[in-house]
Amino acid sequence: MAEIKILSGLGEKGPACMLLTTENRRWLLDCGHGPEANAHFDPAWLEGIDAVFITHDHIDHIGGAPYTVENGLPIYTTRRTAMALPPAADIRLLPEQGVSDIEGVRLTTGRNGHALGGVWFHFALGDGLFYSGDWSEESEWFSFDAPPKAKTAIIDCSYHLDDIPQAQRIATLDSLIDKLEGKILLPVPPSGRAGELAVHLIERYGVDSVILDPECRAVIAEAVSCEGISEKAKSIEPLLTRGDMDEARFLICDTPNADGGAAWGYVRAWHESGRLGQDAHVIFTGHMTAHARGIEKVGGGNFCRWNVHPPLSDQKTMIKRLGAERFAPVFCHEPEEYLSEDGFGAEVFLHGSIKL
(Lines give C-alpha, C1' and ligand atoms only; values in the text may rest on other atoms or scores of the structure.)
Protein backbone atom coordinates (compact mmCIF):
# COMPACT_ATOMS: atom_id res chain seq x y z
CA MET A 1 0.00 0.00 0.00
CA ALA A 2 1.27 3.49 -0.86
CA GLU A 3 0.05 6.99 -0.07
CA ILE A 4 0.84 10.59 -0.98
CA LYS A 5 0.70 13.58 1.37
CA ILE A 6 1.24 17.24 0.50
CA LEU A 7 3.60 18.72 3.07
CA SER A 8 3.86 22.13 1.42
CA GLY A 9 2.50 23.85 -1.67
CA LEU A 10 -1.24 23.44 -1.13
CA GLY A 11 -3.07 26.71 -0.49
CA GLU A 12 -0.11 28.92 -1.36
CA LYS A 13 2.51 29.71 -3.96
CA GLY A 14 5.00 28.20 -1.55
CA PRO A 15 7.73 25.58 -1.31
CA ALA A 16 6.96 22.40 -3.22
CA CYS A 17 7.28 19.30 -1.05
CA MET A 18 5.28 16.05 -1.26
CA LEU A 19 5.71 12.92 0.86
CA LEU A 20 5.31 9.61 -0.98
CA THR A 21 5.21 6.56 1.28
CA THR A 22 5.41 3.00 -0.05
CA GLU A 23 5.47 -0.26 1.89
CA ASN A 24 9.13 0.18 2.83
CA ARG A 25 10.23 3.62 1.63
CA ARG A 26 9.56 7.32 2.35
CA TRP A 27 10.38 9.65 -0.53
CA LEU A 28 10.13 13.43 -0.87
CA LEU A 29 9.03 14.83 -4.22
CA ASP A 30 10.73 18.25 -4.47
CA CYS A 31 12.29 20.18 -1.61
CA GLY A 32 11.56 23.83 -2.26
CA HIS A 33 12.22 27.14 -0.57
CA GLY A 34 10.23 30.31 -1.30
CA PRO A 35 9.47 31.96 -3.60
CA GLU A 36 8.76 34.43 -0.76
CA ALA A 37 11.84 34.98 1.41
CA ASN A 38 10.02 33.80 4.55
CA ALA A 39 8.73 30.57 2.98
CA HIS A 40 11.39 28.17 4.19
CA PHE A 41 12.02 24.50 3.63
CA ASP A 42 11.42 22.71 6.92
CA PRO A 43 14.30 20.31 7.72
CA ALA A 44 11.85 18.27 9.79
CA TRP A 45 10.34 17.09 6.51
CA LEU A 46 13.49 15.01 6.02
CA GLU A 47 12.96 12.89 9.15
CA GLY A 48 12.76 9.25 8.15
CA ILE A 49 13.20 10.04 4.44
CA ASP A 50 15.07 7.55 2.23
CA ALA A 51 15.47 9.63 -0.95
CA VAL A 52 14.48 12.91 -2.60
CA PHE A 53 13.21 13.40 -6.16
CA ILE A 54 13.53 16.87 -7.75
CA THR A 55 11.55 17.93 -10.82
CA HIS A 56 13.54 21.04 -11.83
CA ASP A 57 16.00 23.66 -10.64
CA HIS A 58 13.76 26.59 -9.66
CA ILE A 59 14.16 27.73 -6.06
CA ASP A 60 10.65 26.76 -4.92
CA HIS A 61 11.38 23.17 -5.93
CA ILE A 62 15.09 22.80 -5.18
CA GLY A 63 15.90 25.41 -2.51
CA GLY A 64 15.97 22.92 0.37
CA ALA A 65 18.50 20.66 -1.35
CA PRO A 66 21.41 21.69 0.93
CA TYR A 67 19.56 20.09 3.86
CA THR A 68 19.14 16.94 1.81
CA VAL A 69 22.87 16.87 1.06
CA GLU A 70 23.74 17.47 4.73
CA ASN A 71 21.63 14.42 5.60
CA GLY A 72 23.45 12.29 3.03
CA LEU A 73 20.27 11.40 1.17
CA PRO A 74 20.31 10.31 -2.48
CA ILE A 75 18.72 12.77 -4.92
CA TYR A 76 17.01 11.51 -8.06
CA THR A 77 16.93 14.13 -10.81
CA THR A 78 18.04 14.88 -14.37
CA ARG A 79 21.58 15.73 -15.38
CA ARG A 80 20.73 19.38 -16.03
CA THR A 81 18.93 19.87 -12.74
CA ALA A 82 21.81 18.16 -10.91
CA MET A 83 24.11 20.95 -12.09
CA ALA A 84 22.28 23.32 -9.69
CA LEU A 85 22.89 21.06 -6.66
CA PRO A 86 25.77 21.28 -4.16
CA PRO A 87 28.93 19.44 -5.31
CA ALA A 88 28.63 16.88 -2.52
CA ALA A 89 25.14 15.78 -3.59
CA ASP A 90 24.58 12.04 -4.03
CA ILE A 91 23.03 12.18 -7.51
CA ARG A 92 21.03 9.35 -9.07
CA LEU A 93 20.38 10.41 -12.65
CA LEU A 94 16.92 10.22 -14.21
CA PRO A 95 16.25 10.51 -17.95
CA GLU A 96 14.33 13.52 -19.23
CA GLN A 97 12.26 10.99 -21.20
CA GLY A 98 12.14 7.41 -20.07
CA VAL A 99 11.42 4.76 -17.48
CA SER A 100 13.50 3.95 -14.38
CA ASP A 101 13.20 1.23 -11.77
CA ILE A 102 13.67 2.78 -8.34
CA GLU A 103 13.84 0.01 -5.74
CA GLY A 104 11.12 -1.95 -7.49
CA VAL A 105 8.92 1.07 -8.35
CA ARG A 106 8.48 2.00 -11.99
CA LEU A 107 9.04 5.74 -12.49
CA THR A 108 8.29 7.38 -15.82
CA THR A 109 9.69 10.86 -16.49
CA GLY A 110 8.87 13.29 -19.29
CA ARG A 111 9.84 16.85 -20.22
CA ASN A 112 7.67 19.45 -18.50
CA GLY A 113 7.80 22.37 -20.97
CA HIS A 114 8.79 24.70 -18.12
CA ALA A 115 12.52 24.57 -17.41
CA LEU A 116 15.75 23.25 -18.88
CA GLY A 117 16.07 19.67 -17.66
CA GLY A 118 12.66 19.88 -15.97
CA VAL A 119 10.49 16.76 -15.79
CA TRP A 120 7.21 15.47 -14.41
CA PHE A 121 6.97 12.20 -12.43
CA HIS A 122 4.63 9.24 -12.94
CA PHE A 123 4.89 6.48 -10.33
CA ALA A 124 3.37 3.08 -11.11
CA LEU A 125 1.84 2.74 -7.66
CA GLY A 126 -1.76 1.67 -7.21
CA ASP A 127 -3.63 2.97 -10.26
CA GLY A 128 -0.88 5.49 -10.99
CA LEU A 129 0.35 8.71 -9.37
CA PHE A 130 1.19 11.76 -11.46
CA TYR A 131 3.07 14.72 -9.99
CA SER A 132 3.54 17.53 -12.47
CA GLY A 133 5.92 19.81 -10.58
CA ASP A 134 5.58 22.94 -12.72
CA TRP A 135 4.55 22.43 -16.33
CA SER A 136 3.51 24.28 -19.49
CA GLU A 137 2.23 23.18 -22.87
CA GLU A 138 2.38 26.64 -24.48
CA SER A 139 6.14 27.11 -24.68
CA GLU A 140 7.83 27.60 -28.06
CA TRP A 141 11.18 27.02 -26.38
CA PHE A 142 10.78 23.90 -24.22
CA SER A 143 9.27 20.56 -25.21
CA PHE A 144 6.44 18.85 -23.35
CA ASP A 145 5.74 15.09 -23.23
CA ALA A 146 2.28 13.69 -22.50
CA PRO A 147 2.24 11.44 -19.40
CA PRO A 148 0.69 7.96 -18.95
CA LYS A 149 -2.69 7.46 -17.30
CA ALA A 150 -2.98 7.99 -13.55
CA LYS A 151 -5.96 7.88 -11.21
CA THR A 152 -4.32 10.27 -8.72
CA ALA A 153 -2.75 13.58 -9.75
CA ILE A 154 -1.04 16.50 -8.07
CA ILE A 155 -0.95 19.26 -10.64
CA ASP A 156 0.51 22.73 -10.99
CA CYS A 157 -2.31 25.27 -10.68
CA SER A 158 -0.12 28.33 -10.16
CA TYR A 159 -2.45 30.45 -12.29
CA HIS A 160 -5.49 29.24 -10.33
CA LEU A 161 -8.67 29.76 -12.43
CA ASP A 162 -7.02 32.19 -14.86
CA ASP A 163 -7.58 31.04 -18.45
CA ILE A 164 -5.76 33.66 -20.54
CA PRO A 165 -3.70 31.98 -23.30
CA GLN A 166 -0.10 32.81 -24.15
CA ALA A 167 -0.97 34.58 -27.41
CA GLN A 168 -2.98 37.14 -25.48
CA ARG A 169 -0.21 37.50 -22.89
CA ILE A 170 2.31 38.29 -25.62
CA ALA A 171 0.05 40.89 -27.21
CA THR A 172 -0.33 42.58 -23.81
CA LEU A 173 3.43 42.57 -23.28
CA ASP A 174 4.06 44.14 -26.68
CA SER A 175 1.49 46.84 -25.95
CA LEU A 176 3.13 47.64 -22.62
CA ILE A 177 6.60 47.83 -24.15
CA ASP A 178 5.35 50.23 -26.82
CA LYS A 179 4.18 52.61 -24.08
CA LEU A 180 7.50 52.69 -22.20
CA GLU A 181 10.46 54.83 -23.15
CA GLY A 182 14.09 53.88 -22.57
CA LYS A 183 15.66 50.72 -21.25
CA ILE A 184 13.65 47.75 -20.03
CA LEU A 185 14.87 45.11 -17.59
CA LEU A 186 13.19 41.69 -17.64
CA PRO A 187 14.19 39.69 -14.53
CA VAL A 188 14.00 35.94 -15.20
CA PRO A 189 15.05 32.48 -14.02
CA PRO A 190 17.87 31.67 -16.50
CA SER A 191 16.76 28.07 -17.02
CA GLY A 192 13.13 29.14 -17.46
CA ARG A 193 11.60 31.85 -19.63
CA ALA A 194 14.86 33.72 -20.36
CA GLY A 195 15.32 32.05 -23.73
CA GLU A 196 11.82 32.38 -25.09
CA LEU A 197 11.51 36.00 -23.99
CA ALA A 198 14.77 36.72 -25.81
CA VAL A 199 13.53 34.98 -28.97
CA HIS A 200 10.32 37.01 -28.95
CA LEU A 201 12.12 40.32 -28.45
CA ILE A 202 14.60 39.49 -31.23
CA GLU A 203 11.75 38.69 -33.61
CA ARG A 204 9.89 41.93 -32.87
CA TYR A 205 12.67 44.43 -32.17
CA GLY A 206 15.83 42.97 -33.74
CA VAL A 207 18.85 41.11 -32.43
CA ASP A 208 20.75 44.28 -31.49
CA SER A 209 17.99 45.27 -29.06
CA VAL A 210 18.69 42.51 -26.52
CA ILE A 211 21.50 41.49 -24.16
CA LEU A 212 21.69 38.66 -21.64
CA ASP A 213 23.54 38.80 -18.34
CA PRO A 214 26.39 36.28 -17.82
CA GLU A 215 24.20 33.83 -15.89
CA CYS A 216 21.56 33.75 -18.63
CA ARG A 217 24.22 33.49 -21.35
CA ALA A 218 25.83 30.49 -19.66
CA VAL A 219 22.56 28.61 -19.21
CA ILE A 220 21.22 29.41 -22.67
CA ALA A 221 24.51 28.50 -24.35
CA GLU A 222 24.03 24.98 -23.04
CA ALA A 223 20.32 24.98 -23.81
CA VAL A 224 20.70 25.66 -27.53
CA SER A 225 22.71 22.46 -27.91
CA CYS A 226 20.14 20.30 -26.13
CA GLU A 227 17.46 18.13 -27.63
CA GLY A 228 13.96 19.35 -26.90
CA ILE A 229 14.74 23.01 -27.53
CA SER A 230 12.90 24.68 -30.41
CA GLU A 231 14.57 25.48 -33.72
CA LYS A 232 13.82 29.10 -32.85
CA ALA A 233 16.66 28.87 -30.35
CA LYS A 234 19.15 29.37 -33.16
CA SER A 235 18.08 33.00 -33.46
CA ILE A 236 19.49 33.63 -29.99
CA GLU A 237 23.06 32.59 -30.78
CA PRO A 238 24.31 36.15 -31.59
CA LEU A 239 23.39 37.15 -28.02
CA LEU A 240 25.80 34.62 -26.59
CA THR A 241 28.80 36.68 -27.74
CA ARG A 242 27.48 40.11 -26.76
CA GLY A 243 29.23 41.60 -23.74
CA ASP A 244 27.71 43.21 -20.66
CA MET A 245 28.76 46.66 -21.79
CA ASP A 246 27.07 46.48 -25.18
CA GLU A 247 24.20 48.88 -25.64
CA ALA A 248 20.72 47.39 -25.89
CA ARG A 249 17.21 48.40 -24.95
CA PHE A 250 16.20 45.07 -23.38
CA LEU A 251 18.20 43.52 -20.54
CA ILE A 252 17.31 39.92 -19.66
CA CYS A 253 18.86 39.11 -16.29
CA ASP A 254 18.84 36.78 -13.30
CA THR A 255 17.06 36.85 -10.73
CA PRO A 256 13.30 36.60 -11.45
CA ASN A 257 12.28 39.02 -8.68
CA ALA A 258 15.30 41.31 -9.04
CA ASP A 259 16.35 40.49 -5.49
CA GLY A 260 19.82 39.34 -6.49
CA GLY A 261 22.18 38.94 -9.41
CA ALA A 262 22.48 41.40 -12.27
CA ALA A 263 18.78 42.30 -12.14
CA TRP A 264 19.13 43.74 -8.62
CA GLY A 265 22.27 45.57 -9.68
CA TYR A 266 20.42 47.38 -12.46
CA VAL A 267 17.41 48.22 -10.28
CA ARG A 268 19.58 49.60 -7.49
CA ALA A 269 21.66 51.73 -9.87
CA TRP A 270 18.58 53.09 -11.66
CA HIS A 271 16.85 53.90 -8.39
CA GLU A 272 19.89 55.71 -6.98
CA SER A 273 20.32 57.75 -10.17
CA GLY A 274 16.63 58.69 -10.39
CA ARG A 275 16.16 56.85 -13.68
CA LEU A 276 13.85 54.12 -12.40
CA GLY A 277 10.38 54.75 -13.79
CA GLN A 278 11.66 57.53 -16.08
CA ASP A 279 13.89 56.20 -18.85
CA ALA A 280 14.51 52.82 -17.21
CA HIS A 281 11.77 50.30 -16.36
CA VAL A 282 11.33 46.78 -15.01
CA ILE A 283 8.81 44.30 -16.36
CA PHE A 284 8.16 41.29 -14.14
CA THR A 285 6.70 38.38 -16.08
CA GLY A 286 6.27 35.79 -13.32
CA HIS A 287 5.21 35.46 -9.69
CA MET A 288 6.11 38.67 -7.82
CA THR A 289 7.51 38.38 -4.30
CA ALA A 290 7.42 41.18 -1.73
CA HIS A 291 10.71 42.48 -3.12
CA ALA A 292 9.32 42.75 -6.64
CA ARG A 293 6.12 44.34 -5.39
CA GLY A 294 8.25 46.93 -3.61
CA ILE A 295 9.91 47.89 -6.90
CA GLU A 296 6.47 48.17 -8.48
CA LYS A 297 5.29 50.36 -5.60
CA VAL A 298 8.04 52.97 -6.08
CA GLY A 299 6.98 53.39 -9.69
CA GLY A 300 9.61 51.54 -11.66
CA GLY A 301 8.07 48.10 -11.89
CA ASN A 302 5.37 46.68 -14.14
CA PHE A 303 3.73 43.28 -14.22
CA CYS A 304 2.85 41.44 -17.41
CA ARG A 305 2.58 37.67 -17.14
CA TRP A 306 4.36 35.38 -19.58
CA ASN A 307 2.72 31.98 -19.28
CA VAL A 308 5.06 29.34 -17.90
CA HIS A 309 2.34 27.46 -16.00
CA PRO A 310 -0.92 25.98 -17.31
CA PRO A 311 -4.00 28.18 -17.68
CA LEU A 312 -7.30 26.69 -16.51
CA SER A 313 -8.13 25.00 -19.83
CA ASP A 314 -4.82 23.14 -19.83
CA GLN A 315 -5.36 22.06 -16.22
CA LYS A 316 -8.68 20.50 -17.19
CA THR A 317 -7.18 18.89 -20.29
CA MET A 318 -4.44 17.32 -18.19
CA ILE A 319 -6.88 15.74 -15.74
CA LYS A 320 -8.93 14.30 -18.62
CA ARG A 321 -5.78 13.08 -20.42
CA LEU A 322 -4.64 11.28 -17.29
CA GLY A 323 -8.07 9.79 -16.66
CA ALA A 324 -7.62 11.01 -13.07
CA GLU A 325 -10.36 10.33 -10.55
CA ARG A 326 -8.92 12.75 -7.95
CA PHE A 327 -6.45 15.59 -8.00
CA ALA A 328 -4.88 18.24 -5.80
CA PRO A 329 -4.53 21.78 -7.23
CA VAL A 330 -1.20 22.96 -5.83
CA PHE A 331 0.85 26.18 -5.82
CA CYS A 332 -2.17 28.50 -5.75
CA HIS A 333 -4.14 30.43 -3.15
CA GLU A 334 -7.73 29.40 -2.41
CA PRO A 335 -7.58 25.86 -3.89
CA GLU A 336 -11.03 25.25 -2.34
CA GLU A 337 -12.48 27.19 -5.27
CA TYR A 338 -11.74 24.13 -7.41
CA LEU A 339 -14.46 22.30 -5.48
CA SER A 340 -17.09 24.27 -7.40
CA GLU A 341 -15.27 24.52 -10.74
CA ASP A 342 -16.93 22.53 -13.54
CA GLY A 343 -15.11 20.64 -16.27
CA PHE A 344 -12.55 18.56 -14.37
CA GLY A 345 -14.63 15.43 -13.90
CA ALA A 346 -12.56 14.42 -10.89
CA GLU A 347 -12.69 14.73 -7.12
CA VAL A 348 -10.63 17.51 -5.54
CA PHE A 349 -8.58 16.56 -2.48
CA LEU A 350 -7.26 19.27 -0.19
CA HIS A 351 -6.39 17.63 3.14
CA GLY A 352 -4.58 14.66 4.62
CA SER A 353 -3.04 11.82 2.67
CA ILE A 354 -4.42 9.78 -0.21
CA LYS A 355 -4.11 6.03 -0.57
CA LEU A 356 -2.90 4.94 -3.99
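If you count only protein heavy atoms with a 1.4 Å probe, what accessible area per residue comes out for the chain, rounded to a whole Å²?
40
Any idea what the dipole of the chain comes to, in debye rounded to 20, about its Cα centre with Lys/Arg Cβ at +1 and Asp/Glu Cβ at -1?
Roughly 200 debye for the chain.
Report the per residue volume, in Å³, of the convex hull enclosing the C-alpha atoms of the chain.
129
Give me the Kirkwood hydrodynamic radius of segment 1-105 in Å, from all C-alpha pairs, to one decimal place?
Result for segment 1-105 stands at 13.8 Å.
With axes computed from alpha carbons, what is the tilt in degrees of helix 261-273 against the longest principal axis of the chain, rounded to the nearest 10 within 0 to 90?
40
What order, most packed first, do the peptides 333-343, 44-54 have when packing is the mean number of other Cβ atoms within 10 Å of each residue?
Most protected by this proxy first, the peptides run 44-54, 333-343.
Choose one answer from Val298, Val210, Val219: the residue with the largest mean-square fluctuation in a GNM of the chain with alpha-carbon springs under 10 Å.
It is Val298.
Based on the mean of other Cβ atoms within 10 Å per residue, sort peptides 137-144, 236-243 so the most packed one is first.
Packing proxy ranking, top to bottom: 137-144, 236-243.
Let me check I've understood the local charge: for Asp314, count other residues with C-beta under 13 angstrom from its C-beta, Lys and Arg +1, Asp and Glu -1. What total comes out?
Residues near Asp314 contribute -3 overall.
Net charge near Ser158: determine it from the other residues with C-beta under 12 Å of the C-beta of Ser158, scoring Lys and Arg +1 and Asp and Glu -1.
In short, -4.
State the Kirkwood hydrodynamic radius of segment 154-235 in Å, one decimal place, computed from all pairs of distinct Cα atoms.
14.5
So if I average 1/r over every pair of distinct C-alpha atoms in segment 59-145 and take the inverse, what Kirkwood radius in Å does that give?
The answer is 13.7 Å.
For q values of 0.15, 0.16, 0.28, 0.33 Å⁻¹, compute log₁₀ I(q)/I(0) with the Debye formula on a Cα-only model of segment 74-119, without solvent.
-0.38, -0.43, -1.05, -1.20
For the chain, which whole-number percentage of the solvent-accessible area (1.4 Å probe, protein heavy atoms only) is attributable to carbon and sulfur atoms?
It is 49 percent, rounded to a whole number.
Let me know the whole percent of all Cα-Cα pairs from segment 198-356 that are separated by more than 26 Å.
Of all Cα-Cα pairs in segment 198-356, 47 percent lie more than 26 Å apart.
Tally Lys and Arg at +1 and Asp and Glu at -1 over the other residues with C-beta under 12 Å from the C-beta of Val119: what net charge comes out?
Neighbourhood net charge equals -2.
Cross-link candidates for Lys149: which lysines have Cα within less than 19 Å, leaving aside residues fewer than 8 places away along the same chain?
Of all the lysines, those that pass the test against Lys149 - Cα under 19 Å, at least 8 places apart if same chain - are Lys316, Lys320, Lys355.
The values are calculated or read from the model by the stated rules, or taken from the named source; none is laboratory data. Keep in mind it's a predicted model, so treat the numbers as computed, not measured. As a convention, Cβ positions derive from the backbone with ideal geometry for all residues, glycine included, and neighbour counts pool all protein chains shown. Surface areas here come from the heavy atoms of the whole protein model, side chains and all, with no ligands, DNA or RNA. Shrake-Rupley method; radii C 1.70, N 1.55, O 1.52, S 1.80 Å.
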